[in-house]
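Okay, so here's the structure we're looking at.
The values are calculated or read from the model by the stated rules, or taken from the named source; none is laboratory data. Nothing here was measured: the structure is a model prediction, and the numbers come from that model. All Cβ positions, glycine included, derive from the backbone under ideal geometry; neighbour counts span all protein chains shown.
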């Protein structure tokens, strides 16, 4: 190879250890990529460590217990700290287990040896979190059971992209449900209150942008849009994705609401309203570019879940609306904004009990902010991560799992303000709303 190693050189690769049917010693995890240098030494002799501190040797990787079987794992190591000045001659794959010989198989891909400068400090701690972490799960193998929830800490709702709009359990599959081109697809963007896929979702609401000409097809598979994960930004304070057809969808949360922005590649711009089932209803008002509705959708384990109401307004006039065929039922609707080349901006906010304000009145102090301003506000809301000092290795790749783990429960934790007020016998929760950019 004749590849020189500098102080900034990083070795990275992907490894897929396959789980043996009968061998519970996980022999496929006792694997590491090794490098032979021109001076006769090996990387495995230099005590190099990966980005999480695990020794970059077969036994070191197994002892660290970070390699998950039956899925791809990324391993990265700044080898320049131990091998600067050396020259790589060969790339090797090493196996070493204290149990000795074993039958196993796996795959290694995307091996790279290249300079990697230290990662710059990000503007907000929430930028280190990745909400798609833990979404490679199913009923057969739980690997986190997460959804890429966008929400402020202790917020009223989760807002999430949905790969299976007919499910109340695993709403977002990272790649398990890929299409024939091996690309993931989104069928909807929705409000969620899912505590766990095993418990099921409740009080759901969905919508999906469409750039189809004419009347769009409401079928979940027909309206689904493919995308690549490199064109997806999944943060606690913001979710954005650019689909293969050029349509861009964005959403960012407030305490009781979310602002959504859809940018269309051409003159055709529409929205399809949907839900997991027909347990709900929606009314469109083209004159005011608004909608209102309710949802009674809930899983069988949603004891105590009540009706949720939704109200929304767009910043673009509606040119047409009506029911669509082809979805989960005949209650699907479409909205076509007037502006060409860009879509509606809106702020949906589900709620349960009104506090005296009319639908559409903003939350106190919210004014009428746009997506970008709300994104910045929500990012600052995760500043409580600063109370976690870490272990001194910085805020790069090794910081992300800790931040992910800290952020996951925050939206689900209740706030003291939601307790019954003094002298009142029930909770007071704000009325749902949706306001548009102007």
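When we screen 82, 31, 88, 69 for residues that are within 27 Å of residue 142 (Cβ to Cβ) and either surrounded by 19 or more Cβ atoms within 10 Å (Cβ to Cβ) or modelled with pLDDT of 95 or more (or both), the only hit is 31. No other residue among 54, 100 is free of Cβ contacts under 8 Å to residues at least 24 places away in the same chain and touching a helix residue (DSSP H, G or I) at 6+ places or on another chain (Cβ under 8 Å) apart from 54. Just one of the listed residues (304, 322) is surrounded by fewer than 19 Cβ atoms within 10 Å (Cβ to Cβ), at positive phi and modelled with pLDDT of 90 or more, namely 304. Has region 343-351 got at least one residue that is at pLDDT 85 or above, more than 14 Å from residue 193 (Cβ to Cβ) and outside any loop (DSSP other than H, G, I, E, B)? Checked region 343-351: no residue is at pLDDT 85 or above, more than 14 Å from residue 193 (Cβ to Cβ) and outside any loop (DSSP other than H, G, I, E, B). When residue 255 is tested against (1) within 20 Å of the chain's Cα centre (by Cα); (2) modelled with pLDDT under 95; (3) more than 16 Å from residue 153 (Cα to Cα), exactly one condition is not met: (3). From the list 296, 330, 315, 274, the one residue that fits, being in the same structural domain as residue 150 (by TED's automatic domain parsing), surrounded by fewer than 22 Cβ atoms within 10 Å (Cβ to Cβ), at pLDDT 85 or above and in contact with a strand residue (DSSP E or B) (Cβ under 9 Å, 6 or more places away or on another chain), is 296. With respect to the conditions (1) assigned to a loop (DSSP other than H, G, I, E, B); (2) without any contact (Cβ under 8 Å) to a residue 12 or more places away in the chain, residue 63 lacks only one, and its number is (1).
A quick yes/no check of all residues on (1) in contact with a helix residue (DSSP H, G or I) (Cβ under 9 Å, 6 or more places away or on another chain); (2) under 21 Å from residue 226 (Cα atoms); (3) crowded, with 23+ Cβ neighbours inside 10 Å:
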{"residue": "141", "(1), (2), (3)": "no, no, no"}
{"residue": "147", "(1), (2), (3)": "no, yes, yes"}
{"residue": "152", "(1), (2), (3)": "yes, no, yes"}
{"residue": "164", "(1), (2), (3)": "yes, yes, no"}
{"residue": "173", "(1), (2), (3)": "no, yes, no"}
{"residue": "176", "(1), (2), (3)": "no, yes, no"}
{"residue": "180", "(1), (2), (3)": "no, yes, no"}
{"residue": "200", "(1), (2), (3)": "no, no, no"}
{"residue": "203", "(1), (2), (3)": "no, no, yes"}
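The residue that is modelled with the lowest pLDDT, counting only those in region 96-114 that are in a loop (DSSP other than H, G, I, E, B), more than 17 Å from residue 56 (Cα to Cα) and touching a strand residue (DSSP E or B) at 6+ places or on another chain (Cβ under 9 Å), is 102. Taken over region 43-52, the criterion of being crowded, with 17+ Cβ neighbours inside 10 Å and either modelled with pLDDT under 95 or part of a strand (DSSP E or B) (or both) is satisfied by 49, 51. Hey, among 138, 142, 167, which residue is assigned to a loop (DSSP other than H, G, I, E, B) and in contact (Cβ under 8 Å) with a residue 40 or more places away in the chain? Being assigned to a loop (DSSP other than H, G, I, E, B) and in contact (Cβ under 8 Å) with a residue 40 or more places away in the chain holds for just one of 138, 142, 167, which is 167.
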